[in-house]
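Working notes, structure below.
Derivation of every value follows stated rules applied to the coordinates shown; laboratory data play no part. Bear in mind the structure is a predicted one, so any value in this text is a computation, not a measurement. No Cβ is skipped: glycine too gets one built from the backbone with ideal geometry, and neighbour counts run over all protein chains shown.
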């Protein structure tokens, strides 16, 4: 017997009525963990809004089938763990993007600085933080959508919920940016599985599930994760220029993760796949499992704001309990500590009463680290102690006010070598206004004063997106930054020069890479302004746990320093001259008689090799361009960029 589409719709309606009579049209809340604890129906209900209009419907309409299945049939893995989309999503930053108190405070800050732009500012910010409310407003012709609209709109407060993503079309995929999202005119939801069973969903909620491959492509995320802002001067006049606030999607394009074969999309990390078959909707025993199934975990690195929202979830009207937040926070820690940066600390020897160390950091994400909103930063703590546990040298130590000792009041430059305790390596993007001063006001951001965030593997200064992903400041001329024999290493080497002052103690060196999503220094400018939203967030911020997240750490110990001096070559001072060169270069500061040399192109291809003769120099290839010269002696080696004119 064959059924047409109309018959399937009727079947779905009948089935929906039956299910409502059986389950009482309720959406049970369950905790997430190794096993499940059903909540009593008399307990305070933490369900989602059931709002719907001609264009969207809120997550509550999806929760019944795509939330926790109390029968244990749907949306569970082989061990019976709940991996339903609603359960894993509900305590994420995306689920709570519209309720995020930092977001609301920052939008009100921008409006307070330039009140004449308030309507446009709030409408632009809500296009990504409250898309269902904002785009509904525009579809109905009501004009701009602001924070006052959001306060009374359950649809907008749903944040980046189901339809905010799954109703987006593939129009201008990867090209659209800055909240310019494109939604289907009909009530559909696009998913990654071919030939979805349409009748039940059409009958139950009036939405047609459709297959489309674009939901698994990285360009699906570009509309919000590439953001250009219109710059103003300090009086609020537009300069006619734009500022790249974030370009996470472009950073991914400029990486090895964007390769046709073997590439990893945004979803590959942030919606991790389960390869086993998973039934994707509750109460339909006829459904067969689908694979691969994407877990809607959607974690990044913002444990700080997740903890604040967990603490103030009732005040913020967040629809997730403590255990939901604990699960998301735990995943976020794992993401930062296992999938972000690899580090290795090495002892390079002693010379001139100085111990030399090098810290190799390699970015293993598909974008810059940190990426996204410009408040985020990572910094290196480096401490050397002696066998009496006395500190011989320190850099990047957090003080009692959760600031960094001796940090520059404006911003700390990028360092190739840390030579005194007043220097600290901070990986960050710093915004400058039209006068070249540091600012955290997004509308007044006119230029990048610094961007030394660790770039991803495969990152190239020749890529078409380099104008939006540029390395800015000292890192752009650091021979170790994104160069480890070739461009695109996705790494940096920080050198530490530790004065010994004649010590003969045994030394222990420790390096730690820390991450901060909202440093105190970054919000000082905002907290100088008073609005209801800023005051609310300031109280939450001041009461929060400001402990930075430890991303990676290394220890080198039992370093015996005989009489404070060991005759080992310090390779930190080696330079090539002249650079740029018209064909012949010499090595300056070598200090040894014999080294091997290798010349590579920027793609890492070995072009020539030899033994250095200081009377002859090193011949470069005839073709003008950028090359890499590697100098080797035993286990010691150094790579230096050289320009051939």
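Say R0 is 25 Å: what FRET efficiency, to the nearest 0.05, do residue 383 and residue 573 get from their beta-carbon distance? Efficiency, from the Cβ-Cβ distance: 0.55. Largest first and in whole Å, the equivalent-ellipsoid semi-axes of segment 574-644 read 18, 14, 10, each the square root of five times a Cα gyration tensor eigenvalue. Measuring r between the beta carbons of residue 78 and residue 615 and using R0 = 56 Å, the FRET efficiency lands at 0.20.
With contacts taken as Cα pairs under 8 Å at a separation of at least 6 residues, segment 574-644 carries a relative contact order of 34 percent. Each pair of Cα atoms in segment 316-465 enters the Kirkwood radius, and Stokes-Einstein at 10 °C and 1.306 mPa s then converts it into a translational diffusion coefficient of 86 µm²/s. Angle between the Cα long axis of helix 322-338 and the longest principal axis of the chain, 0 to 90 degrees, nearest 10? So the inclination is approximately 30 degrees. Label positions at residue 558 and residue 228, each projected 7 Å from the Cα along the C-beta direction, are separated by 5.8 nm. Distance from a point 7 Å along Cα→Cβ of residue 547 to each backbone N in segment 387-412: keep the residues under 17 Å and list them by number. Backbone N within reach: 398-403.
The three principal axes of the C-alpha atoms in segment 121-165 carry coordinate ranges of 24, 19, 18 Å, sorted with the longest axis first.
Summary of the geometry: segment 518-547 and segment 458-510, compared by the centres of their Cα atoms, lie 32 Å apart. One decimal place: the segment residue 397-residue 170 gains 77.0 nm when fully extended, by the rule 0.36 nm per residue minus the C-alpha distance. Over the chain, DSSP H runs of length four or greater, each weighted -39,500 (n - 2.57), average out per residue to a 222 nm ellipticity of -6500 deg cm²/dmol.
Placing pseudo-labels 7 Å out from each Cα toward the beta carbon at residue 116 and residue 510 gives an inter-label distance of 5.5 nm. By how many degrees, 0 to 90 and rounded to 10, does the Cα axis of helix 532-542 deviate from the longest principal axis of the chain? Long axis of 532-542 versus the principal axis of the chain: about 60 degrees.
Taking the C-alpha atoms only, the angle from helix 118-129 to the longest principal axis of the chain is near 90 degrees.
Placing a label point 7 Å from the Cα of residue 410 along the Cα-to-Cβ direction, the residues of segment 467-505 whose backbone N falls under 18 Å from that point are 472-476.
Relative contact order, whole percent, for segment 409-467 stands at 27, derived from Cα pairs under 8 Å and 6 or more residues apart. Please list, in order, the residues from segment 246-278 whose amide nitrogen is less than 15 Å from a point placed 7 Å along the Cα→Cβ vector of residue 213. So the set is 260-263, 265. Under 8 Å for C-alpha pairs, at least 6 residues apart: give me the relative contact order for the chain, rounded to a whole percent. Averaging sequence separation for qualifying contacts and normalising by length gives 12 percent for the chain.
The calculated FRET efficiency for residue 474 paired with residue 323, based on their beta-carbon distance and R0 = 41 Å, is about 0.35.
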